[in-house]
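One structure below.
The values are calculated or read from the model by the stated rules, or taken from the named source; none is laboratory data. Fair warning: this is a prediction, and the values are worked out from it, not measured in the lab. No Cβ is skipped: glycine too gets one built from the backbone with ideal geometry, and neighbour counts run over all protein chains shown. Heavy atoms of the whole protein, side chains included, go into the accessibility calculation; ligands, DNA and RNA do not. Shrake-Rupley method; radii C 1.70, N 1.55, O 1.52, S 1.80 Å.
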Amino acid sequence: MIPGADEYDADVAIDEAEVERLLAASPDDVAAADELSFSRNVFVPLTTACRYTCTYCTYYDPPGQAELMTPEEVRETCRRGADAGCTEALFTFGDDPDDRYDEIYEQLADLGHDSIHSYLREACEIALEEGLLPHANPGDQTREQMAEVADVNASMGVMLETTADVRAHGGPRAKSPGQRLNTLDVAGELDVPFTTGILVGVGEDWRDRAESVLAIRAIHERHGHVQEVIVQPVVENERWDGGSPDLQTMRRVTAMARVGLPEEVSVQVPPNLAPARDLTDCGIDDLGGVSPVTEDHINPDYEWPALRELRAVADSAGVPLRERLPVYERYVDEAWCSDRIRAAIDADDDAGERFRAVLERGENSVPP
Ligand code: SF4
């Protein structure tokens, strides 16, 4: 039983034969992708307050030090991103600030909001006004919270990380795999194209990795909404000295994800954290986001590679590099995109032209 599955009504059955199949998977079982995709994004770290204290995370700040971006800062960041040719506003969050963060709630109240999701909605509106498609990662969300912002996001995401109960999430503030799976399920019920992923090296074992991939697959098969699964290694930083998975582990777990997931679901590795050049033959087909204007606020110790590094990864694999939007092309239709997002993509303005150019651009024609 996945921890928290009962409490959060996460109905996911794991087939033991499939676990065994994935445990036997290796890079020899997968084919290299025939192209690698990426998106141009700008980071908008809306709040660094988080109710959890994961031991590998440098993103969250403790009470008294956590920040909330002002609407003016959100607009300025989005404007710089749009000017630089980005298509995506990547809203990063800690998980729901709890009652430890009184000053965050006071700032929200000063801005006329009674919740972080209410403010997220305003921030997404600002991003759309500035010519970017929002992609928010607000951590665990209830159905009500996600419904409040679904129509102003082109896609959303949360890392499952693992279905295991690991000490790295532990202590009195442990996030629950069941709650993460419930968030993933809610996204499907609300027709939100979704990004999730697994975190490798935080205390999970090989069976946990296989079960995590299969849990994502089970929920995707229910709704068809998972556009990509990130395979991310934990990395050393000021809060984590537990080491990182070695190359052979990353190759095997990446191949496991490719074998375990449906073909239409992309497998992504972030080249700033993972040895992407040594994983291109393990089934990856996406390199995530590259940001020309801000640092990576999730892992500030690791700079996002420049676009030329993405080209170098693609060149080393001998495949084209293709830009995509934060919402994958197969979801750009009435069934998945809200009227707001469709209107932004269809708009007769510079932003609309930029979005359509990405959708229409042919292989290997990524401009500098
Ligand atoms: S990994 Fe996410 S949930 Fe955990 S402390 Fe960091 S921001 Fe919060």
Scan of segment 1-31 for residues that are of a type outside the set (D, E), open to solvent by 20 Å² or more (accessible area, probe 1.4 Å) and more than 26 Å from V186 (Cα to Cα), ordered by number: A17, R21, L23, A24, S26, P27, V30, A31
So if I check each of P62, P45, which one is more than 24 Å from T254 (Cα to Cα) and within 18 Å of the chain's Cα centre (by Cα)? P45
Listed by first then second residue, the pairs whose first member lies in segment 52-71 and is closer than 12 Å to F93 by Cα and in contact (Cβ under 8 Å) with a residue 24 or more places away in the chain, whose partner is open to solvent by 20 Å² or more (accessible area, probe 1.4 Å) and near the ligand (Cβ under 7 Å from one of its atoms), with beta carbons under 6 Å and at least 6 positions apart or on separate chains, are Y52/K175
Test result for Q107, of a type in the set (S, T, N, Q) and either buried (at least 21 other Cβ atoms within 10 Å of the Cβ) or touching a residue at least 40 places away in the same chain (Cβ under 8 Å) (or both): no
Given the criterion away from the ligand (no atom under 16 Å from the Cβ) and farther than 29 Å from G242 by Cβ, identify the matching residue among L23, L108. L108
Residues that are assigned to a loop (DSSP other than H, G, I, E, B), out of contact with any helix residue (DSSP H, G or I) (no Cβ under 6 Å at 6 or more places or on another chain), open to solvent by less than 40 Å² (accessible area, probe 1.4 Å) and within 11 Å of the ligand (Cβ to nearest atom), drawn from segment 32-60: T48, C50, Y52, C57, T58, Y59, Y60
Looking at V213, V202, V229, can you tell me which residue is under 25 Å from T280 (Cα atoms), open to solvent by less than 10 Å² (accessible area, probe 1.4 Å) and part of a helix (DSSP H, G or I)? V213
Specify which of the listed residues (G197, G243, G188) is over 27 Å from A32 (Cβ atoms), outside any helix (DSSP H, G or I) and not hydrophobic (A, V, I, L, M, F, W, C). G243
Would segment 164-174 turn up any residue that is touching a strand residue (DSSP E or B) at 6+ places or on another chain (Cβ under 6 Å), of a type in the set (G, A, S) and either surrounded by fewer than 17 Cβ atoms within 10 Å (Cβ to Cβ) or under 20 Å from G4 (Cβ atoms) (or both)? no
Restricting to segment 61-89, and then to whatever is among the charged types (D, E, K, R) and part of a loop (DSSP other than H, G, I, E, B), can you tell me which residue is nearest to the ligand (Cβ to nearest atom)? D61
Restricting segment 128-138 to residues that are open to solvent by less than 10 Å² (accessible area, probe 1.4 Å) and farther than 15 Å from Y331 by Cα, the residue that is farthest from the ligand (Cβ to nearest atom): G131
Go through (1) over 14 Å from the mean Cα position of the chain (by Cα); (2) crowded, with 20+ Cβ neighbours inside 10 Å one by one and return the number of the condition S244 breaks. (2)
Can you give me the number of residues within segment 139-157 that are open to solvent by 10 Å² or more (accessible area, probe 1.4 Å) and either of a type in the set (A, V, I, L, M) or assigned to a helix (DSSP H, G or I) (or both)? 7
